[in-house]
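First comes the structure, then the notes that go with it.
The values are calculated or read from the model by the stated rules, or taken from the named source; none is laboratory data. Because the structure is a prediction, the values reported are computed rather than measured. Virtual Cβ from ideal backbone geometry, glycine too; neighbours counted across all protein chains shown.
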Amino acid sequence: MKSIVLASRSPRRKQLLEWAEIDFDILVKETDESFPEHLAVIDVPVHIARNKALAVQQSDIYKRYEGGNIIVAADTIVVLDRAIIGKPTDEEEAVRILSRLSGKTHHVITGVVIITDQKEIAFSDVTEVAFHELTSEQINYYVEHYKPLDKAGAYAIQEWIGVTGIKSIKGDFYNVMGLPVSRVVKELKKL
């Protein structure tokens, strides 16, 4: 099999590919995560993932690899009422975000870009997540103990808040963790 490079520092994406028994390296190049305002929400995470993949592909470190590699990049956003909710900048913002999500249904969209020297595969996966009403005590407990500052929407489905606070999900559970891994594996097999 060709070498696979994951263009992500996310411990959750790393874990998911390991669970799928994919052999890969991690190579990350810092990129701008902004996007054009006219872009449809569904296309935003693909745009960011593409920038991550291309930054790795053009990096000096990647150029040392032999040809024929596959780069996998992903980005996850949370969308509530058509507004993108990113990663919180501090604990206060995390509390505000979770308070907004409380008792509501939102969408988690992960954009994936898989590139080789000759080909690009790009797609988005959408999962609908509904939270129970969360008390301020639950929200404050989660933020204080789990520090979700590196997570879109200020939560991780596989942590305490997901186990106790999520009412339902429609779609791929692992997409909410940051990578629709079964679809990624399917696309990798095609290559």
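Evaluated against (1) touching a residue at least 24 places away in the same chain (Cβ under 8 Å); (2) hydrophobic (A, V, I, L, M, F, W, C); (3) closer than 18 Å to Ile42 by Cα, Leu188 falls short on exactly one condition, (3).
Being under 16 Å from the mean Cα position of the chain (by Cα) and modelled with pLDDT of 95 or more narrows it down to one of Ile114, Ile166, so name that one.
On the way: Ile166 fails: under 16 Å from the mean Cα position of the chain (by Cα).
Checking each option against the conditions leaves just Ile114.
Take segment 30-48 and flag every residue that is in contact with a helix residue (DSSP H, G or I) (Cβ under 8 Å, 6 or more places away or on another chain) and modelled with pLDDT of 90 or more.
The initial filter retains those residues of segment 30-48 that are in contact with a helix residue (DSSP H, G or I) (Cβ under 8 Å, 6 or more places away or on another chain), namely 30-33, 35-36, 39.
Within segment 30-48, just Leu39 meets the criteria.
Residues of segment 3-31 being of a type in the set (D, E, K, R) and either farther than 16 Å from Lys186 by Cβ or under 15 Å from the mean Cα position of the chain (by Cα) (or both), which ones?
Within segment 3-31, the subset of a type in the set (D, E, K, R) is 9, 12-14, 18, 21, 23, 25, 29-30.
Across segment 3-31, the qualifying residues are Arg9, Arg12, Arg13, Lys14, Glu18, Asp23, Asp25, Lys29, Glu30.
Among the residues of segment 59-79, those that are without any contact (Cβ under 8 Å) to a residue 60 or more places away in the chain and not small (Gly, Ala, Ser) comprise Asp60, Ile61, Tyr62, Lys63, Arg64, Asp75, Val79. All told, Glu30 meets the bar of being in contact (Cβ under 8 Å) with a residue 24 or more places away in the chain and surrounded by fewer than 16 Cβ atoms within 10 Å (Cβ to Cβ). Consider segment 60-97 and keep the residues that are more than 30 Å from Leu191 (Cα to Cα) and β-branched (Val, Ile, Thr). The one that is surrounded by the fewest Cβ atoms within 10 Å (Cβ to Cβ) is Thr89. Considering every residue within segment 130-147, establish whether at least one is touching a residue at least 40 places away in the same chain (Cβ under 8 Å), among the charged types (D, E, K, R) and within 29 Å of Asn69 (Cα to Cα). Within segment 130-147, not a single residue is touching a residue at least 40 places away in the same chain (Cβ under 8 Å), among the charged types (D, E, K, R) and within 29 Å of Asn69 (Cα to Cα).
Quick check, is Ser124 touching a Gly at 6+ places or on another chain (Cβ under 6 Å) and at pLDDT 95 or above? Taking the combined requirement at face value, the residue satisfies it. When restricted to residues that are farther than 9 Å from Leu98 by Cβ and more than 19 Å from the chain's Cα centre (by Cα), segment 121-139 contains 5.
Looking only at segment 49-59, filter to residues that are at pLDDT 90 or above and either within 19 Å of Tyr174 (Cβ to Cβ) or not aliphatic (A, V, I, L, M) (or both); which one of those is surrounded by the most Cβ atoms within 10 Å (Cβ to Cβ)? Can you show your working first?
Pass one, segment 49-59, residues at pLDDT 90 or above: 49-57.
Adding the requirement that they be either within 19 Å of Tyr174 (Cβ to Cβ) or not aliphatic (A, V, I, L, M) (or both) leaves 49-52, 57.
On the way: Ala49: 28, Arg50: 20, Asn51: 20, Lys52: 23, Gln57: 20.
Top of the filtered list is Ala49.
Counting just the residues of segment 168-191 that are part of a loop (DSSP other than H, G, I, E, B) and among the aliphatic types (A, V, I, L, M), which one comes out nearest to Trp19 (Cα to Cα)? The selected residue is Leu179.
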